[in-house]
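Novice: Please read through the structure below; I'll follow up with questions.
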Amino acid sequence: MTKRMISLALATGLIAVSACSQNDQSASARQGTEAVKQAGDKTIAAGLDQKGRFLTLAKAAGLDATLAGPGPYTVFVADDAAFDKLPAGTVDGWLKPEARPELTRTISYQILPGTVLVEDIGKAIDAGDGKAQLATMGGGTLTATREGGNIVLTDSSGGKAIVAKGDETLANGVVHRVDAVLRPQSAT
């Protein structure tokens, strides 16, 4: 087995751990589950800035219902400043009806199934000799590494985002704030 396959298997296992029984969970997974329980009824969709670009785009893609659903999900949310760094016209272009497939791919690329805490990502990086592959809901893969003490996510196009604030727990999962928009490879 290659290191990449081992990393992917480990990441998948970490995602699946949230569905395991309490006795089989790691300490960080138990903490994540407990934090989600303590979050009350506030879902990821309700916990995001209602006027922020991420939620506006999630609504345009029809994924706001998913983020309000039972989950659990892990969502990497870029702030508005990160969207401002995209090439001019990108966000407005995504809001056009004909761009909905690309927008849906992009937003679902920010979502992982299950509750995956920053500590879980760190453990996967350590187990993968400095690199972990994270499978997204959009069918893509993010590569997690450490740089200067930060968790860094690299998208399939080589773009990088730093996890600026992690483990914001809500009723249906966890949000990690990132400083850049993660993008899947362009559809061919």
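The values are calculated or read from the model by the stated rules, or taken from the named source; none is laboratory data. As the structure is a computational prediction, the values presented were derived from the model and not from experiment. Note: ideal-geometry Cβ built from the backbone for every residue, glycine included; neighbour counts use all protein chains shown.
Novice: Name the one entry in 120, 129 that is modelled with pLDDT under 95, farther than 17 Å from residue 61 by Cα and in contact with a helix residue (DSSP H, G or I) (Cβ under 8 Å, 6 or more places away or on another chain). Can you show your working first?
Specialist: Numbers: 120 fails: modelled with pLDDT under 95.
Only one candidate qualifies: 129.
Novice: Exactly one condition in (1) surrounded by fewer than 18 Cβ atoms within 10 Å (Cβ to Cβ); (2) of a type in the set (Gly, Ala, Ser); (3) out of contact with any Gly (no Cβ under 6 Å at 6 or more places or on another chain) is false for residue 82; which is it?
Specialist: Result: residue 82 passes all but (1).
Table: residues versus (1) touching a Cys at 6+ places or on another chain (Cβ under 7 Å); (2) in a loop (DSSP other than H, G, I, E, B); (3) surrounded by fewer than 17 Cβ atoms within 10 Å (Cβ to Cβ); (4) of a type in the set (Asp, Glu).
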residue: 101; (1), (2), (3), (4): no, no, yes, no
residue: 112; (1), (2), (3), (4): no, no, no, no
residue: 124; (1), (2), (3), (4): no, no, no, no
residue: 130; (1), (2), (3), (4): no, yes, yes, no
residue: 142; (1), (2), (3), (4): no, no, no, no
residue: 145; (1), (2), (3), (4): no, no, yes, no
residue: 158; (1), (2), (3), (4): no, yes, yes, no
residue: 165; (1), (2), (3), (4): no, no, yes, no
residue: 181; (1), (2), (3), (4): no, yes, no, no
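Novice: Continuing with this model, one more query. Looking only at the range 87-102, decide whether some residue is in contact (Cβ under 8 Å) with a residue 24 or more places away in the chain and touching a strand residue (DSSP E or B) at 6+ places or on another chain (Cβ under 6 Å).
Specialist: no
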